[in-house]
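To start, the structure under review is shown below, and the notes come after it.
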Amino acid sequence: MSERKTLEERHQMTDLERLRHSSAHVMATAILRLWPDAQFAYGPPIETGFYYDFEMAHRITPDDFEKIEAEMKKVAKENQKFEYKAISREEAKALAESGRLGGLTERPGNPSRFKLDLIDKIPEGEQISCFQNGDFIDLCAGPHVGYTSKCKNVKLMSVSSSFYLGDESKGQLQRLYGTAFESKELLEEHLNRLEEAKKRDHRRLGRELQLFHIDEAVGQGLILWKPKGALVRRALQDFITAELDKQGYSQVFTPHIGKLDLYRTSGHFPYYQESQFPAIAERDVLEKLADEDATCATLINGLSDGTYEGYMLKPMNCPHHIKIFASEHHSYRDLPVRLAEFGTVYRWEQSGELGGMTRVRGFTQDDAHLFCTPDQVAQELVGCLDLVKKVLNTLGMDNYRVRLSLRDPESDKYVGSPENWDKAEAAIRQAVQVLGVEYTEELGEAAFYGPKIDFVVKDVIGRDWQLGTVQVDYNLPVRFNLSYVGADNQPHVPVMIHRAPFGSLERFTGLLIEHFEGKFPTWLAPEQVRVLPISDKTLEAAEEITAKLAEAGVRVSIDRCSDKIGAKIRNSRLDRVPYMLVLGAREVEEGTVSVRHRDKDDLGTRPVDEFIADLLTEIRERKL
Ligand SMILES: [Zn+2]
Ligand SMILES: [Zn+2]
C-alpha cells in the first residue's frame, strides 16, 4: 500500500474505483464535521471498496458507524462538486502548514503533517494538485466523480489500526473501511453476498460439523481431518481415483521427505528456501559441528552449498515420481506413463497468511506426472481437461473458466524447441475449444519450462476460486537425464506434464464446504442417513434398519436419545444429514419408514427396501 500510484495508473482507474475513492473524500468530510481535529493520511480505493487512514484522539468503534454514515449521506445530498486545482509545491506546503489540507478549515497549530510528508514524496516536476468538495480540501491527483451525490450508496464496513504507509515507526493510525456502489441494488447485492459468505465460512462450518481441527500444539496451517471430514475426503479421493483408473493412470506412494541432493537436481533447493521448511541435517553432521563449536551459519551455508547432506520435507512430488519413471527402461511403446498420487507436500507460508483450509503449511495434492512423447502432449492435455470437467460437473460447479499461460513469442528465455512449444500451445487451445470451456490466453505468462493451464471456479455466490494447474514441462526431464528409446532406436527426452487440477484436497474441501454450505450431496455426506425412532418402543426395529443400511454400505447412524421427535429432526438438520428415517409403531407394523429430506422436507412413507434401493442408486450415480 505504500507505493504511490503514478499519474498514468491513476488515469486507468475504473469508474467504480473513482466512485470509491471519491467516497473516501466524502467519508473524510463527514469525519471532520464530527471530529475536526482528525489528521488524514492516505485513502485509496481497494478491491472491495475503499479506506482512509487517519489520526485523531477519539477511537472509532462500530457504534460510530451510523453517525458517520448519516453525515456522509448529508454530504452526498448537498451535491458538492469535486473541483480540481493545480497548485505549486509552495502553495501545497503552505496549505498543509496551516492545517488546511485534509481539513474543512485552517487549523492553526495543527498542521497537516501526513500531507506534508506526502508532498515531499511527490517527484520533482510532477504536477501537484488538490481536490475540493464543499469545505473539504485534500491533496489529491484524482481522478474523481463529478459530484458527491454519486457517493450515496455507501456503507462503512470495519475499523482497524494501521501504520502510516505501513511504517511502524511513524505511530499508529486508525483505518476505516467502507464500500460504495453505483446503485442501491448493487450495494445490497454485495452486502448480501458478504452475509452469505459469512454463513458459509468453512472455518466455522468445519468446526460446527466436526470436519477438521487446527491445533496450536500441532502447528498453524496443519490440518487435522476429523472422522467426518476424513469421510468426505475419502469419498472425493475414491471418486477421483476411479476416474484416474479409467484414464489409465497408475497409482504410486512416495515418502514425505527426500535428500537435499534430489532437490538440488530439480532446482527446488537452495532456491525458494523462504517458502520451504528448513532442511533437516543428518545426525552425524550435527554432532560433528557441535563438537567443533560451529555456528548455525556454518550449518546453513554447508547445507546450501552441498558440503553437508541432509533431507527436506518435500515441497513437490515431482522428483519422487521422476525417480520412479527413471527406475525402468522405457520404449516409446510404453508411453505415456501416468503416475498419480495424493501426495502430501509442505510449504512455509507466513503465519499471517494462514487461515482455515485455504492457506496451509501441509497439504495433499491430487498430483500426477505424465511422461510422454512430444506427439502425445495434445492428447494427454485433452485427458486432463476431460477429468476436470467430469469432476466439476458432478459437483455442480459448471461455472468455471481456464487461463492459458503461453510464451512471449519475442523472448528467448524458454527451454524446449520452438516447434514443441507451438505444438503444445496449439494442443492446449484445441483442447479447451473441443471441451467448450471459456478461456483466456495470457501471452508471456508461461514459465520458462513450459505452457500451463489454470482453473478458476465460480462458486454459488459468485466468488472466484483459483484451483490447480496442468503444466507442460520441457525442463525437468533434461535436468534428470530422462530418456526413452524411440521408434528410430535412439534415446529421446520425454516431455513431462504436471497436473494437480483441483489443487489440494484441503483447499478443494474448503471450497466444497462453502459451495454446499455444509450440505454435501448424499454420496459425499459424512453421514448419509439418520434413523430416528419416535420412542423406545421402536428402538429395536430402528436398530435393525440401521444395521441393514450399514450392511448395504450406507453411512448411517441412529439417534437413541430420549428427545422428542421434533428435536431429533432439528438436530439432524443442523448436522446437514441428507435423509432422516422416522420410525413409529405404524411404520414398524407396515415395514415402512417415514422419509424426510433435509431440504425437501417430508417425502412420505415408503417400504424400507424400496428406500434403500433408491438411495444406493443416488449414491452410485453421485446425484446432486
Ligand atoms: Zn482524491
Ligand atoms: Zn510436479
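The values are calculated or read from the model by the stated rules, or taken from the named source; none is laboratory data. Given the structure is predicted, the values throughout are model-derived calculations rather than measurements. Glycine gets a Cβ as well: all are built from the backbone with ideal geometry, and neighbour counts include every protein chain shown. Accessible surface is based on the protein model in full, side chains and every heavy atom, while ligands, DNA and RNA are left aside. Shrake-Rupley method; radii C 1.70, N 1.55, O 1.52, S 1.80 Å.
Six or more apart or on different chains, Cβ atoms under 9 Å: show the pairs whose first residue is in the stretch 130-152 and under 15 Å from H11 (Cβ atoms) and open to solvent by 30 Å² or more (accessible area, probe 1.4 Å) and whose second is in a helix (DSSP H, G or I) and within 16 Å of ligand 2 (Cβ to nearest atom).
So the pair list comes out empty.
Does the stretch 166-220 hold any residues that are open to solvent by less than 20 Å² (accessible area, probe 1.4 Å) and β-branched (V, I, T), and which are they?
T179
Look through G99, G109 and report the one residue that is without any contact (Cβ under 8 Å) to a residue 40 or more places away in the chain and open to solvent by 20 Å² or more (accessible area, probe 1.4 Å).
Testing whether each residue is without any contact (Cβ under 8 Å) to a residue 40 or more places away in the chain and open to solvent by 20 Å² or more (accessible area, probe 1.4 Å) leaves just G109.
Residue by residue, here is whether (1) within 16 Å of ligand 1 (Cβ to nearest atom); (2) open to solvent by 30 Å² or more (accessible area, probe 1.4 Å); (3) free of Cβ contacts under 8 Å to residues at least 12 places away in the same chain; (4) under 30 Å from L370 (Cα atoms) holds:
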position: D284; (1), (2), (3), (4): no, yes, yes, no
position: E287; (1), (2), (3), (4): no, yes, yes, no
position: C296; (1), (2), (3), (4): no, yes, yes, no
position: L299; (1), (2), (3), (4): no, yes, no, no
position: E309; (1), (2), (3), (4): no, yes, no, yes
position: K323; (1), (2), (3), (4): no, yes, no, yes
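Is it true that some residue in the stretch 478-495 is within 16 Å of ligand 2 (Cβ to nearest atom), surrounded by fewer than 23 Cβ atoms within 10 Å (Cβ to Cβ) and either under 26 Å from the mean Cα position of the chain (by Cα) or assigned to a helix (DSSP H, G or I) (or both)?
yes
May I ask you to list the residues in the stretch 54-83 that are crowded, with 18+ Cβ neighbours inside 10 Å and part of a loop (DSSP other than H, G, I, E, B)?
I60, Q80, F82
Take the residues in the stretch 168-192 that are farther than 18 Å from D64 by Cβ and among the hydroxyl-bearing types (S, T, Y); name whichever of them is modelled with the lowest pLDDT.
S169
Which is within 27 Å of C384 (Cβ to Cβ) and either open to solvent by 40 Å² or more (accessible area, probe 1.4 Å) or within 16 Å of ligand 1 (Cβ to nearest atom) (or both), of Y332, Y263?
Result of the check over Y332, Y263: Y332.
Could you please let me know if V415 is touching a Ser or Thr at 6+ places or on another chain (Cβ under 8 Å) and either more than 30 Å from M357 (Cβ to Cβ) or open to solvent by less than 10 Å² (accessible area, probe 1.4 Å) (or both)? Steps first, please.
Values: touching a Ser or Thr at 6+ places or on another chain (Cβ under 8 Å): no; either more than 30 Å from M357 (Cβ to Cβ) or open to solvent by less than 10 Å² (accessible area, probe 1.4 Å) (or both): yes.
In short, no.
Just one of (1) in contact (Cβ under 8 Å) with a residue 40 or more places away in the chain; (2) closer than 21 Å to D367 by Cβ trips up Y271, so point out which.
(1)
So for the stretch 23-40 (the condition being away from ligand 1 (no atom under 16 Å from the Cβ), outside any helix (DSSP H, G or I), under 17 Å from T179 (Cα atoms) and free of Cβ contacts under 8 Å to residues at least 24 places away in the same chain), does at least one residue qualify?
Within the stretch 23-40 (the criterion being away from ligand 1 (no atom under 16 Å from the Cβ), outside any helix (DSSP H, G or I), under 17 Å from T179 (Cα atoms) and free of Cβ contacts under 8 Å to residues at least 24 places away in the same chain), the answer is no, since none of the residues qualifies.
Just the residues that are within 15 Å of ligand 2 (Cβ to nearest atom) and either in a loop (DSSP other than H, G, I, E, B) or open to solvent by 20 Å² or more (accessible area, probe 1.4 Å) (or both), please, taken from the stretch 461-477.
Of everything in the stretch 461-477, those that are within 15 Å of ligand 2 (Cβ to nearest atom) and either in a loop (DSSP other than H, G, I, E, B) or open to solvent by 20 Å² or more (accessible area, probe 1.4 Å) (or both) turn out to be T469, Y474, N475.
When you go through (1) open to solvent by 30 Å² or more (accessible area, probe 1.4 Å); (2) within 16 Å of ligand 2 (Cβ to nearest atom); (3) in contact with an Asp or Glu (Cβ under 9 Å, 6 or more places away or on another chain); (4) touching a residue at least 40 places away in the same chain (Cβ under 8 Å) one by one for K458, which number turns out not to apply?
(2)
Would you say V577 is crowded, with 20+ Cβ neighbours inside 10 Å and either touching a residue at least 40 places away in the same chain (Cβ under 8 Å) or not in a helix (DSSP H, G or I) (or both)?
On the way: crowded, with 20+ Cβ neighbours inside 10 Å: yes; either touching a residue at least 40 places away in the same chain (Cβ under 8 Å) or not in a helix (DSSP H, G or I) (or both): yes.
Taking the combined requirement at face value, the residue satisfies it.
Residues in the stretch 507-540 that are out of contact with any Lys or Arg (no Cβ under 9 Å at 6 or more places or on another chain) and open to solvent by less than 10 Å² (accessible area, probe 1.4 Å): how many?
Qualifying residue count, the stretch 507-540: 5.
Report whether or not L616 is surrounded by fewer than 20 Cβ atoms within 10 Å (Cβ to Cβ), part of a helix (DSSP H, G or I) and among the aliphatic types (A, V, I, L, M).
Yes.
If the requirement is being on the phi > 0 side of the Ramachandran plot and under 40 Å from the mean Cα position of the chain (by Cα), which of these qualifies: G134, G146, G142?
Matching residue, one of G134, G146, G142: G142.
Applying the selection to the stretch 580-613, what residues are in a helix (DSSP H, G or I), hydrophobic (A, V, I, L, M, F, W, C) and surrounded by 18 or more Cβ atoms within 10 Å (Cβ to Cβ)?
We begin by selecting, within the stretch 580-613, every residue in a helix (DSSP H, G or I); these are 585-590, 608-613.
With hydrophobic (A, V, I, L, M, F, W, C) added as a condition, the list becomes 585, 588, 608, 611-613.
Correct list: V588, V608, F611, I612.
With in a helix (DSSP H, G or I) and under 23 Å from the mean Cα position of the chain (by Cα) as the only criterion, which of L524, L549, L512 stands out?
When all the criteria are applied, what remains is L512.
Condition (residue is open to solvent by 40 Å² or more (accessible area, probe 1.4 Å), more than 11 Å from V470 (Cβ to Cβ) and assigned to a loop (DSSP other than H, G, I, E, B)) applied to the stretch 381-396: is it met by at least one residue?
Taking every residue of the stretch 381-396 in turn, none turns out to be open to solvent by 40 Å² or more (accessible area, probe 1.4 Å), more than 11 Å from V470 (Cβ to Cβ) and assigned to a loop (DSSP other than H, G, I, E, B).
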